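Undergrad: Dropping a structure here in structure tokens format, bear with me for questions.
The values are calculated or read from the model by the stated rules, or taken from the named source; none is laboratory data. Everything numeric in this text was worked out from a predicted model, so none of it was measured. Note: ideal-geometry Cβ built from the backbone for every residue, glycine included; neighbour counts use all protein chains shown.
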Amino acid sequence: MSVECYDSKGAEVYDLIIKQIIQDLQITRAIKDIKAFIDPRGPVCIIAIKPNKAQKHILFNDIGNYNVKKEDNQIQLFVLDENYLPNVLNKLWDLEGREKIQQPGRYEIIINNPTIDLDNLVIDDPSQNLRRKLYDAIFRIIPEGFNVIQDISNDDIVAIVSTDELLNEDWIKKGHNMVKELEI
């Protein structure tokens with residue numbers, strides 16, 4: 001991790017702030033590297049985070065099985081891993097609608113008039129969950145009042161440039177350079 005600031009004491013303080021926030025969110029192990037540039041004289045705060053590779057997404061077939069009841073125009077699902085039950089229900093409610101979903105037992109779910117492809121249904125995506133946590137960390141790190149934000153993230157790096165004034169092109173270029181450095 002590197003924190004760049006014109007003031008060495010300010011860099012030390014921001015280093016501590018970043019470490020504390022990352023620790024509080026319990027994502028220390030999920031981060032490969034962090035680059036931060038803070039200049040209150042600008043004022044600007046640029047943060048770029050390179051996460052470790054997250055686990056592969058979880059498909060329904062990884063945590064359950066199902067039977068198709070053609071005569072009743074239903075699919076009967078059995079969730080084998082209780083930890084994913086809320087994710088399954090939320091996903092089904094979003095895709096099929098609550099009115100088509102029944103839960104007669106703790107691990108059993110019935111879909112009436114299904115239109116869903118359960119074989120390719122993503123139940124949990126750890127990489128997206130990690131990305132959300134990284135954005136949460138960044139928004140806790142940037143100074144209060146820095147509401148002018150440009151997201152310069154890509155598929156591998158989560159990064160933002162923030163200020164409380166108009167964004168300066170030089171800051172955006174610096175942010176992109178920080179992202180490139182992390183990609184190596």
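Undergrad: If we scan the range 84-99, do we find a residue that is in the same structural domain as Glu169 (by TED's automatic domain parsing), outside any strand (DSSP E or B) and either buried (at least 18 other Cβ atoms within 10 Å of the Cβ) or hydroxyl-bearing (Ser, Thr, Tyr) (or both)?
TA: Looking through the range 84-99, none of the residues is in the same structural domain as Glu169 (by TED's automatic domain parsing), outside any strand (DSSP E or B) and either buried (at least 18 other Cβ atoms within 10 Å of the Cβ) or hydroxyl-bearing (Ser, Thr, Tyr) (or both).
Undergrad: While we're looking at this one, here's another question. Within the range 7-43, which residues are outside any helix (DSSP H, G or I) and either in contact with a Ser or Thr (Cβ under 6 Å, 6 or more places away or on another chain) or among the acidic types (Asp, Glu) (or both)?
TA: Within the range 7-43, Asp7, Asp33, Lys35, Asp39, Pro43 meet the criteria.
Undergrad: Just give me the residues in the range 1-56 being of a type in the set (D, E, K, R) and more than 19 Å from Tyr135 (Cβ to Cβ), in sequence order. Give the derivation first.
TA: Initially, the range 1-56 is screened for residues of a type in the set (D, E, K, R), giving 4, 7, 9, 12, 15, 19, 24, 29, 32-33, 35, 39, 41, 50, 53, 56.
Scanning the range 1-56 gives Glu4, Asp7, Lys9, Glu12, Asp15, Asp39, Arg41, Lys56.
Undergrad: Inside the range 100-128, can you point out the residues that are under 16 Å from His57 (Cα atoms) and either at pLDDT 95 or above or outside any loop (DSSP other than H, G, I, E, B) (or both)?
TA: Answer for the range 100-128, where residues must be under 16 Å from His57 (Cα atoms) and either at pLDDT 95 or above or outside any loop (DSSP other than H, G, I, E, B) (or both): Leu118, Asp119, Asn120, Val122, Ile123, Asp124, Pro126, Ser127, Gln128.
Undergrad: May I ask you to verify whether Arg131 is among the basic types (Lys, Arg), buried (at least 16 other Cβ atoms within 10 Å of the Cβ) and either outside the structural domain of Asn87 (by TED's automatic domain parsing) or not in a helix (DSSP H, G or I) (or both)?
TA: Values: among the basic types (Lys, Arg): yes; buried (at least 16 other Cβ atoms within 10 Å of the Cβ): yes; either outside the structural domain of Asn87 (by TED's automatic domain parsing) or not in a helix (DSSP H, G or I) (or both): yes.
It is true that Arg131 is among the basic types (Lys, Arg), buried (at least 16 other Cβ atoms within 10 Å of the Cβ) and either outside the structural domain of Asn87 (by TED's automatic domain parsing) or not in a helix (DSSP H, G or I) (or both).
Undergrad: Further question on the same structure: Confirm whether Gln20 is closer than 12 Å to Ile141 by Cα and polar (S, T, N, Q).
TA: Here the answer is yes, as Gln20 does meet what is asked.
Undergrad: Filter the range 4-16 down to residues that are farther than 16 Å from Ala48 by Cβ and not aromatic (Phe, Trp, Tyr) and give me whichever is nearest to the chain's Cα centre (by Cα).
TA: Leu16
Undergrad: In this structure, does Lys174 turn out to be out of contact with any strand residue (DSSP E or B) (no Cβ under 8 Å at 6 or more places or on another chain), assigned to a helix (DSSP H, G or I) and in contact (Cβ under 8 Å) with a residue 12 or more places away in the chain?
TA: no
Per-residue answers, yes or no, for (1) over 20 Å from the mean Cα position of the chain (by Cα); (2) over 23 Å from Asn154 (Cα atoms); (3) not aromatic (Phe, Trp, Tyr):
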residue	(1), (2), (3)
Lys32	no, no, yes
Gly64	yes, yes, yes
Asn67	yes, yes, yes
Leu77	yes, yes, yes
Asn87	no, yes, yes
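Undergrad: For the range 44-83, what are the residues that are touching a helix residue (DSSP H, G or I) at 6+ places or on another chain (Cβ under 6 Å) and part of a strand (DSSP E or B)?
TA: Those that are touching a helix residue (DSSP H, G or I) at 6+ places or on another chain (Cβ under 6 Å) and part of a strand (DSSP E or B): Val44, Ile46, Ile47, Ala48, Ile49, Lys50, Pro51, Tyr66, Val79.
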